[in-house]
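The values are calculated or read from the model by the stated rules, or taken from the named source; none is laboratory data. Everything quoted here is computed from the prediction, not taken from an experiment. Note: ideal-geometry Cβ built from the backbone for every residue, glycine included; neighbour counts use all protein chains shown.
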Amino acid sequence: MDRGDQLSKRVGIVVPTLGRRTDYLNQCLESIRASGQAHVCLVAQKDFDFQPLISAGLADQFVVDPAEGLAEAINKGFSELPKEIEYINWLGDDDLLAPGSLGETVQVLDSNPGTVLVYGSCDYVDPNGKVVWANKSGQWASPLLHLGPDLIPQPGALFRRSAFEQVGGLSRTYDWAFDFDLLLKLKKRGKLRFTNKTIASFRWHPESLSVEFRTMSVAEASKVRVSHLPALLRPVSCLWEYPVKKATLIAGNRVTARAKRLAK
């Protein structure tokens, strides 16, 4: 059994999709194969024609979207993965994994039993795949979660399925910040460890939920952050929440402006 076959039995990647961006979806699935041949589970509406992707070897499984929001679609995909899958993550249908990246993240988790999640760097790319900005967060991004912005890139992460199940999966309470909520829950279960590798690319374009609804996303992230604070700190959290939200919005606007300049 080669390394790719081993990973396919241990790693599961869920890809929720509306099926509207087939070119991006194909690139996404191809990148997962190049990253380590994980078991790929597509989650889409029941009328989605998934068979060509499975026949082409780009996906292994199809699960019908329960139509109860993105978080629940991802939860459904994880729940249907083969029992032998140990490590999991989800990837937007327009995002990409770096070649060989799953080999890197699996090695970190295998070598560190107390680590529940490993994350690396993530490139932000425009619709044409040109790098707009690089998220080079380090190990300091983990302690910053409680008082600052979330600088751990979800596409550039891999976590233990057992820990995900222990915290109850993704919360349906949130529309955009459920990944942030998951990080804070996992942090209570074990270490979030940084690996100094570029693991993924996040596509920054107007249709991305976190870009199109940035103001609402930032506000929801603030709500998540405050909810995980000790009760004594919540009444005074406004002292830092406003500047954190403002700085996050400014940073996002700068990335958008750079993307527009590069597109000209």
Q | Selection status of GLU207, modelled with pLDDT under 95 and part of a helix (DSSP H, G or I) | A | no
Q. Right, ASP94: buried (at least 20 other Cβ atoms within 10 Å of the Cβ), farther than 25 Å from THR198 by Cβ and among the acidic types (Asp, Glu) or not?
A. no
Q) For segment 224-251, how many residues are aliphatic (A, V, I, L, M) and surrounded by 11 or more Cβ atoms within 10 Å (Cβ to Cβ)? A) 8
**Q.** Members of segment 109-153 that are among the small types (Gly, Ala, Ser) and in contact (Cβ under 8 Å) with a residue 12 or more places away in the chain
**A.** GLY114, GLY120, SER121, GLY129, ALA134, SER137, GLY138, ALA141, SER142, GLY148
Q: Within segment 33-55, track down each residue that is touching a Leu at 6+ places or on another chain (Cβ under 6 Å), modelled with pLDDT of 95 or more and surrounded by fewer than 23 Cβ atoms within 10 Å (Cβ to Cβ).
A: PHE50
Q: Among the candidates GLU80, GLU165, single out the residue that is farther than 28 Å from LYS246 by Cβ, in contact with a Cys (Cβ under 7 Å, 6 or more places away or on another chain) and free of Cβ contacts under 8 Å to residues at least 40 places away in the same chain.
A: GLU80
Q.
Filter segment 90-100 down to the residues that are over 14 Å from the mean Cα position of the chain (by Cα) and of a type in the set (Gly, Ala, Ser) and list them by number.
A. GLY100
Q) Counting only residues that are crowded, with 19+ Cβ neighbours inside 10 Å and of a type outside the set (D, E, K, R), which one in segment 172-183 is modelled with the lowest pLDDT? A) TRP176
